[in-house]
Structure formats: structure tokens, C-alpha cells
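Data block below; observations after.
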Amino acid sequence: MRRAFLLPLCFIFLLTRAEAAEEVSVKDLRYWSDESYTRVVIDLDGPVTFTENRLSNPDRLYFDLKGCKLSKDVDTSFDISNGILKSIRVGQFDNDTVRIVLDLGKFERNNVFVLEDPYRFVIDIYGEVREDTSPADRELSGSVVRLPSVERKSFKRLPGVRRVVIDPGHGGKDAGAIGPRGLYEKDVVLDVAKKLKKILTEKHKIEVILTRDRDIFIPLEERTAIANSQKADLFISIHANANPRRDVRGIETYLLNWTNDKEAMRVAARENAISIEKMQRVQNDLQVILSDLARDNKRDESMRLAHNVQTSIINTLKSDYQKIVDNGVKHALFYVLVGAQMPSILVEISFISNREEEKRLSSALYRKKIAEAIAGGIHEYRSLSEHVAKVNGRF
């Protein structure tokens, strides 16, 4: 009821630690936005406690970061005006509290979560989707690096999967895993992503956006924001695995979910660039996000996509290569998948730490077969989606 917002709705949250021991600085505020979604990221230099409140007349959502100081070079006001969000304001509320205020428009809901190393306080704001805007005309706005240009081709709009965002992991200062012969993960996955884009575009008539098309660093939270803001039907992050044991090999595909599998947590910790101890703690802090996944059936769709892609990769490679190990579909909490509003998976295409698999990953032919296999899995997923749509009378 509207009356419920006349008084503050106050919830107290904890950013990963019991209490911030020292004063923390708010170093920057970044955002990505379109007409139905905005992601706000507050960069911090340590953990803080915070409260979330909502007030009416005018309708606004605000967060008080306790034990915090606002750095002098942080912009304090951002005009959004995208329908769901009018503006963002940030200021020093009192001696040890920084307040972030979101002036709301046609607001539906929000999620809040925290990422570590470095510390980021992330707010996702959702509103109604406007049907009068063509996906091809949507662009990200905000203090971010612009997307690679989207080719304005005529695509046959098929139900289920029309646009896919492909995310080549790592990049720039983040090399990812490095093989025993010096092969960089960031280079391998970028090449696979480019090959995958070509196949999906030319063969399957699916529009593809890459989160990066060159050797640059993009924060994990920005990659998800690109997928959300571009209204992607699928989000696929591509990585090469690594293990201290050089004999470990194989292919595995992940979807976002809680897990007690130590090896899955180790992989997620490596991709998240945090320790395994932090990985275990972070899982408990993101239960709200995981609950949203279950409620919106995104977990089931991601599971189906993951199985389609994993099966396609294994079957494709087994016909040409020996010792292809199927490590299966697994669950883990990858930062890059948190907050994705579409079926999303992370594919570990081989172990770059294994000498034989590193040699394969250095081959253009092997990388092309990986790309073809991922495309095949996406095609299988789309075909089933179209069948379901027909059965339900939506096609």
C-alpha cells in the first residue's frame, strides 16, 4: 500500500564483515542505465555497514554508508531521467555517514549486493520495460566505457533468442590464467568469442554483442550491466580453467547458484579474484539474489542452456580429439553472473594449466571448434524455446 511508504522502511545490512574497523572512503560512483534498468556501483576502499530506506513525497530510495567519508573528487549529482530513475545524489550526511539517494520514477524493485577486492557496493534498479524502443537503438549511458559498435543489420527476429551478449573473460591488466608455455587466458577467450560472434551472426542470424572486442580491462559488474542494458536474451561468459595440478583437464559449464562443492568454489574464487575463504563468506551474503533467480525461473533456463552448451562442446570435440573429459554442469557464485536478468552461464573451455590442453587452446582450429560447439548449444536451446513457445501459443 502507498501509505506504507510514509514512514521509513529501514533495513540494516552488513558488508561482508561484522563491523568496519577504520573509516572507509567512497572513491567513486559509476552507473549504467537504460529505460528499464540502472546499475549503480559505489567504489569503496574497505568494508562498511549500511542501511536502506524508502520514503515518499517525493518517492526516493536511499542508502546510508556508515563509517564513511566521501572523497573530494567524487561527482555528487547524476541526472538519469530514464523513467524509473530521475537522478542519483551522493553526499556527506554527517561526520561518518555517506548518503546515496535515488530519486525514483516508475520503480518496481531493487537488489543490493557487495563485491570484494576491490570493495564495490552494487545497486540494481528495475522498472517497466517499454515496448516502443527497438533493442538495436538502445545504448548504455553513464560514466562507463562505451560498447563496441553494434552493426545495424537486418536480423530475422526469432522467438526466444534474438540477441546474445558474449563475454570474453579478463582482458587488459587482467591476464587471467597463464599456461605453462605462457599462453594467456585473456587472449584465448577473446579469439573464441570473436569466432563465436561470427558463427552466430552469419549462420544462426542472431545478433551478438561482445563485452570487449579488444585487449582491455572491464570490471565484472560492468559486463553484467552491458547484458542487462542491452536487453540480451542470453549472457555467456567464456573462460579457460586452471588448476595447481597440471594433470587436471576437461570442460565444464557453470550457472549461478549456491554450492558446497569445494572445487567449484575454488574456480569461482579464481575468476572473482578473491580468496576461497572470502568466496565461502560471499555466498551467504548473496542469498537474496539467488532467491530472485529461483523465483523468476532464470535458474531453470540457465540450467537448460548450460546442459545444451556442455553437451555440444563434449560431443563436438570427442569426434576429433582424444582424452576429452566431461566435467559436467556445475553451480558456483561468479561475480560476472550476479544480477543478470536473462539465462546466463560461464563456460570453462579447457584447462590452460594442462600442457596438452594449453597446446590445443593455442590452435586456431581448436578454438574454432569450441566456438562452433557453443553456437550449436545455443541453437539447441533456441530450438527448444521456439517449440515451447509454439506449444504455449506464443509463436
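The values are calculated or read from the model by the stated rules, or taken from the named source; none is laboratory data. Small disclaimer: the values here were computed from a predicted structure and weren't measured. Because the Cβ atoms are built from the backbone with ideal geometry, glycine has one as well, and the counts that use them run over all protein chains shown. The accessibility values were calculated without ligands, DNA or RNA, using every heavy atom of the protein model including side chains. Shrake-Rupley method; radii C 1.70, N 1.55, O 1.52, S 1.80 Å.
Which of Lys186/Lys359; Lys27/Lys69; Lys198/Lys390; Lys203/Lys318; Lys197/Lys318; Lys203/Lys390 have a Cα-Cα distance over 20 Å? Cα-Cα > 20 Å for Lys198/Lys390; Lys203/Lys318; Lys197/Lys318; Lys203/Lys390; rest within. Computed with a 1.4 Å probe on the full set of protein chains, the accessible area for Leu220 sits at about 40 Å².
List the GluC sites (Glu not before Pro) within region 191-270 that DSSP assigns to loop and that have no more than 11 neighbouring Cβ atoms inside 10 Å. Answer by residue number: there is no such site. For the residue pairs Lys231/Lys298; Lys298/Lys330; Lys195/Lys278; Lys205/Lys231, alpha carbon separations beyond 23 Å are given by Lys195/Lys278. Tell me the net charge near Pro58. Cut-off is 9 Å between Cβ atoms, Pro58 excluded, with +1 for each Lys or Arg and -1 for each Asp or Glu. In short, 0.
Taking other residues whose beta carbon is less than 11 angstrom from the beta carbon of Arg30, and scoring Lys, Arg as +1 and Asp, Glu as -1, yields -2.
Compute the separation of the alpha-carbon centres of region 230-276 and region 77-101 and state it in Å as a whole number. When both Cα centres are located, 35 Å separates them.
Among Arg120, Arg299, the sequence by solvent-accessible area, most first, with a 1.4 Å probe is Arg299, Arg120.
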